[in-house]
1. Kindly indicate which of 158, 136, 142 is of a type in the set (A, V, I, L, M, F, W, C), surrounded by 17 or more Cβ atoms within 10 Å (Cβ to Cβ) and more than 15 Å from the chain's Cα centre (by Cα).
2. Does residue 248 fit the bill of being over 24 Å from residue 193 (Cα atoms) and surrounded by fewer than 14 Cβ atoms within 10 Å (Cβ to Cβ)?
3. For residue 232, all conditions in the list (1) part of a loop (DSSP other than H, G, I, E, B); (2) polar (S, T, N, Q); (3) within 13 Å of residue 209 (Cα to Cα) hold save one; what is the number of the exception?
4. Suppose we filter 223, 238, 209 for residues that are of a type in the set (Asp, Glu), within 30 Å of residue 128 (Cα to Cα) and surrounded by 13 or more Cβ atoms within 10 Å (Cβ to Cβ); which single one remains?
5. Would you mind finding the one in 158, 143 that is under 18 Å from residue 24 (Cα atoms), of a type in the set (Gly, Ala, Ser) and either without any contact (Cβ under 8 Å) to a residue 60 or more places away in the chain or outside the structural domain of residue 57 (by TED's automatic domain parsing) (or both)?
6. So which of 218, 171, 226 is assigned to a loop (DSSP other than H, G, I, E, B) and either at pLDDT below 95 or polar (S, T, N, Q) (or both)?
7. Looking only at region 177-184, decide whether some residue is part of a loop (DSSP other than H, G, I, E, B), loosely packed, with under 13 Cβ neighbours inside 10 Å and under 25 Å from the mean Cα position of the chain (by Cα).
8. Determine which single condition residue 108 fails, assuming it passes every other condition in (1) out of contact with any Ser or Thr (no Cβ under 6 Å at 6 or more places or on another chain); (2) outside any helix (DSSP H, G or I); (3) modelled with pLDDT of 90 or more.
Amino acid sequence: MTSRIIFLSHIHEEKALALLVKQALEDEFSGFVDVFVSSDGTSIPAGSNFLKRVEDGLVDCIGAIYLISPASVKRNWINFELGAVWIRNAMSIRSGASAIPALPVCHSGATPSSLPSPLNNLNGITANQAAQLEFAFRSLQAAVGGKGRLKTDFDALATNVISFEHQYTLGANLVKMLSMFNGDKRALVRHCEQQPAGAQIELNCGFVETGAIQTLTGLQANELKGHIHVTTDMPGTEFRPQGAVNGAQVKLQVAASLILDFKHLLQS
């Protein structure tokens, strides 16, 4: 590795986005930097001490990018790695040396203004906006000592980020929907694996409370639009030990292929 390292912090589930950003950075700063990504199979070779390699990356980097989503912001590793560079930056500035930028790159529903304190004090960006991606790259360009016009097509990069977000949040919302019921998700995956190509499966959900039906119809109209179809029948009241509950019989129609696309989430 060269002495100029950009540390890219991410959680395992967001590896595809990390590799996308890594490629864009290396294309932009070719020959000037190496991008440290723990899951790329290169930054940490097989047999290496994982923690030692991460420590070296945090100590040696001239800047860091943190992929922040509603899921990753809750993970200990992200906060650990961000804190390490934050302190390095403060010490570097105090000694009169160059700043070491720590850039939260928000995606999949996270925004800079929604970050918890103290992360919201950093200059975070929203990854699906071309102008903000350019701002992040210019910050890193200054850190590596570069000048001049950036060659990256930020509109294309933002489009690729949006494509990732769509798939990433689609899976999360599918899990959210199926978790509303007590069905065996592994059995559902096995059933879908036995279906012919293009098959639609119908899930009989039984009696569902009105509030849950509203959640389902909201998913149908927004996050899972075009992927599920919700039908209700026989509205009424069900008497339970905790009291009377209003609702209706619900059926869900979903493509077997969608279930299989995200079976790794449903089987976890």
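The values are calculated or read from the model by the stated rules, or taken from the named source; none is laboratory data. Model, not experiment: these values are computed from the prediction. Methodologically, a virtual Cβ is constructed for each residue, glycine included, from the backbone with ideal geometry; neighbour enumeration extends over all protein chains shown.
1. Numbers: 158 fails: more than 15 Å from the chain's Cα centre (by Cα); 142 fails: surrounded by 17 or more Cβ atoms within 10 Å (Cβ to Cβ).
Only one candidate qualifies: 136.
2. Working: over 24 Å from residue 193 (Cα atoms): yes; surrounded by fewer than 14 Cβ atoms within 10 Å (Cβ to Cβ): no.
In short, no.
3. Of (1) part of a loop (DSSP other than H, G, I, E, B); (2) polar (S, T, N, Q); (3) within 13 Å of residue 209 (Cα to Cα), only one is false for residue 232: (1).
4. Testing whether each residue is of a type in the set (Asp, Glu), within 30 Å of residue 128 (Cα to Cα) and surrounded by 13 or more Cβ atoms within 10 Å (Cβ to Cβ) leaves just 223.
5. Values: 143 fails: either without any contact (Cβ under 8 Å) to a residue 60 or more places away in the chain or outside the structural domain of residue 57 (by TED's automatic domain parsing) (or both).
Step by step, each of 158, 143 is checked, and only 158 is under 18 Å from residue 24 (Cα atoms), of a type in the set (Gly, Ala, Ser) and either without any contact (Cβ under 8 Å) to a residue 60 or more places away in the chain or outside the structural domain of residue 57 (by TED's automatic domain parsing) (or both).
6. Values: 218 fails: assigned to a loop (DSSP other than H, G, I, E, B); 171 fails: assigned to a loop (DSSP other than H, G, I, E, B).
Matching residue, one of 218, 171, 226: 226.
7. So far as region 177-184 goes, yes, one or more of its residues are part of a loop (DSSP other than H, G, I, E, B), loosely packed, with under 13 Cβ neighbours inside 10 Å and under 25 Å from the mean Cα position of the chain (by Cα).
8. The single condition residue 108 does not satisfy is (1).
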